[in-house]
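Just below is one structure, and these are the notes that go with it.
The values are calculated or read from the model by the stated rules, or taken from the named source; none is laboratory data. In this text the structure is predicted, and so the values were computed from the model without any measurement. When we count neighbours, we look across all protein chains shown, and the Cβ atoms used for this are built from the backbone with ideal geometry, even at glycine. Heads up: the accessible areas ignore ligands, DNA and RNA and are worked out on the full protein's heavy atoms, side chains in. Shrake-Rupley method; radii C 1.70, N 1.55, O 1.52, S 1.80 Å.
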Amino acid sequence: MKCPYCGREMVEGTIYGDRYQMKWLPKTQKLVMGIWAKGGLGLGQGGLMGRSSVEASLCSSCQKLIIDIKSANQ
């Protein structure tokens with residue numbers, strides 16, 4: 001995949017979380033009691049037996065990560 005910012009080739013990879021689902025929150029939304037991400041966009045699947053993960057591409061030149069939302073929520 002080409003980086004949409006600089007046009008260089010990106011490295012495909014995976015971001016791994018722990019047993020809880022990762023979530024994206026807008027800057028305007030704060031954590032509940034400073035620890036829980038209520039609402040937002042869930043990324044990957046969490047669970048006691050599994051590990052949340054999401055596919056992402058890294059541009060080592062401009063230090064940007066691009067996450068594939070479809071792969072995150074399957």
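Things to note:
- Trp36-Ser60 FRET efficiency (beta carbon distance; Förster radius 30 Å; 0.05 resolution): 0.35
- When each of the peptides 50-59, 26-35, 10-19 is scored by the mean number of other C-beta atoms lying within 10 Å of its residues, the order from highest to lowest reads 50-59, 10-19, 26-35.
- On a per residue basis, the chain carries 78 Å² of accessible surface, using protein heavy atoms and a 1.4 Å probe.
- Gained length - Ile15 relative to Met1, 0.36 nm times residue gap less alpha-carbon distance: 3.4 nm
- Cα shape, segment 1-69, gyration tensor, a/c 1.5 rule: oblate
- Proximal charge balance of Lys2 [Cβ under 11 Å; K/R count +1, D/E count -1]: 0
- For segment 1-70: relative contact order, % (alpha-carbon pairs under 8 angstrom, 6 or more apart): 37 percent
- Which of Gly34, Gly44, Met10, positive extreme of dipole for the chain (C-beta unit charges): Gly34
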